[in-house]
Structures are given as C-alpha cells and as structure tokens.
1. Can you find, within the range 2-49, the residue that is nearest to residue 72 (Cα to Cα) among those that are of a type outside the set (Gly, Ala, Ser) and touching a helix residue (DSSP H, G or I) at 6+ places or on another chain (Cβ under 7 Å)?
2. Taking interchain pairs and intrachain pairs at least six residues apart, which have beta carbon atoms under 8 angstrom, with the first residue in the range 82-95 and in a helix (DSSP H, G or I) and the second buried (at least 19 other Cβ atoms within 10 Å of the Cβ) and not hydrophobic (A, V, I, L, M, F, W, C)?
3. Can you spot a residue in the range 23-38 that is assigned to a strand (DSSP E or B), farther than 18 Å from residue 113 by Cα and in contact with a Cys (Cβ under 7 Å, 6 or more places away or on another chain)?
4. Run down 74, 42, 18 and say which single residue is part of a loop (DSSP other than H, G, I, E, B), aliphatic (A, V, I, L, M) and either more than 16 Å from residue 98 (Cβ to Cβ) or in contact (Cβ under 8 Å) with a residue 40 or more places away in the chain (or both).
5. What single numbered condition from (1) modelled with pLDDT of 95 or more; (2) closer than 20 Å to residue 106 by Cβ fails to hold for residue 16?
Amino acid sequence: MAGILDLVTDLPRREVPVGETILEQGCPAPSMLILVSGEVEVLHDQIRVARTAEPGAVFGEMSILLHRNCTASVRTLKPSVFVRVDQPEQFLRESSAASLHVAVLLARRLEVLNRYLVDVKTQYEGHDHLGMVDEVLNTLMHQQPRNPSR
C-alpha cells in the first residue's frame, strides 16, 4: 500500500498530534489525506469502526468522490504525518496508479462489509424480522448512482 507514497513526494505534509480529528463526520473533506506514519481510528457516530497504522491508507476519498459529507470521523491515536492532496479529483484523473490504489482500498472495504453481512445473515437465518433487512440490503447492493456521469 505504501506505493502511493511514491506518487505524492512533492505534496505538502501535515504533522498531527495525538487526539486530533482530521476529518469530521457530517462535514465535507477539505482534501484527501494519505497516512505516512502514525496511527488513526475511524469513528462512525463515535463508535470505532476501524483502526490503522498502515502507511498509504487514504482518508476523505469517499467524500470527495461522491461529493458528499464525510460518513465518518478520523482521529489520530499517535502522532501522525499525512500527505495532503488538495486537488484530489485532478490527482486521481491524472494518476492511474493512484486511482487503482484507491479502488483497491474501496474494494477491500466492500469485501469486509460483504463478509460481515453474510455472517450476520447466516447467524440469524430463519428469523422472520430479517426478511426486511434482506430486502434493504438487496436494494442497497443494486442501487445505481443518481448521476453516473461523475
């Protein structure tokens, strides 16, 4: 994953102390951030959903790609250094390697989510109230974007 760091050596870096929120749920991402060093947690409604110290981890990409507010907050657990990509759409358009890196990250997240959903469905198979959950999940998995030209 660190390969993306080779693509951003000329971009600004930001040192962040422990406990600072670098992206806030419900707010637009001001830029895309790439972890160089340190450790962060990802919080949705103040519940930790992920934790990473992997150099090359990317944050804010969903907000930027979907033109929506952040779906989670990101907070540092250790002093951390990030590369700041201030024009992320242009950066991703111009770098197929960076776009592929982000695509792989998003695919990994989707794979984990799918495994989790299968596990939940397996554990509760045969319970009547999950029929509605199954319908909602099926709808979400097959939902098409409203504006596919983006």
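1. First, the residues of the range 2-49 that are of a type outside the set (Gly, Ala, Ser): 4-18, 20-25, 27-28, 30, 32-36, 39-49.
Still in the running and touching a helix residue (DSSP H, G or I) at 6+ places or on another chain (Cβ under 7 Å): 4, 7, 28, 32, 34, 36.
Numbers: 4: 22, 7: 26, 28: 11, 32: 14, 34: 16, 36: 20 Å.
Looking at residues that are of a type outside the set (Gly, Ala, Ser) and touching a helix residue (DSSP H, G or I) at 6+ places or on another chain (Cβ under 7 Å), I get 28.
2. What qualifies is 88/31; 88/60; 88/61.
3. Among the residues of the range 23-38, at least one is assigned to a strand (DSSP E or B), farther than 18 Å from residue 113 by Cα and in contact with a Cys (Cβ under 7 Å, 6 or more places away or on another chain), which makes the answer yes.
4. On the way: 74 fails: part of a loop (DSSP other than H, G, I, E, B); 42 fails: part of a loop (DSSP other than H, G, I, E, B).
Every option except 18 fails the conditions.
5. (2)
Each row is one residue, and each column tells you yes or no for (1) closer than 21 Å to residue 43 by Cα; (2) of a type in the set (Val, Ile, Thr).
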| position | (1), (2) |
| --- | --- |
| 68 | yes, no |
| 73 | yes, no |
| 77 | yes, no |
| 83 | yes, yes |
| 88 | no, no |
| 91 | no, no |
| 96 | no, no |
| 100 | no, no |
| 103 | no, no |
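The values are calculated or read from the model by the stated rules, or taken from the named source; none is laboratory data. Quick caveat: nothing in here was measured; it's all calculated off a predicted structure. Every residue, glycine as well, gets a Cβ built from its backbone with ideal geometry; the counts of neighbours run over all protein chains shown.
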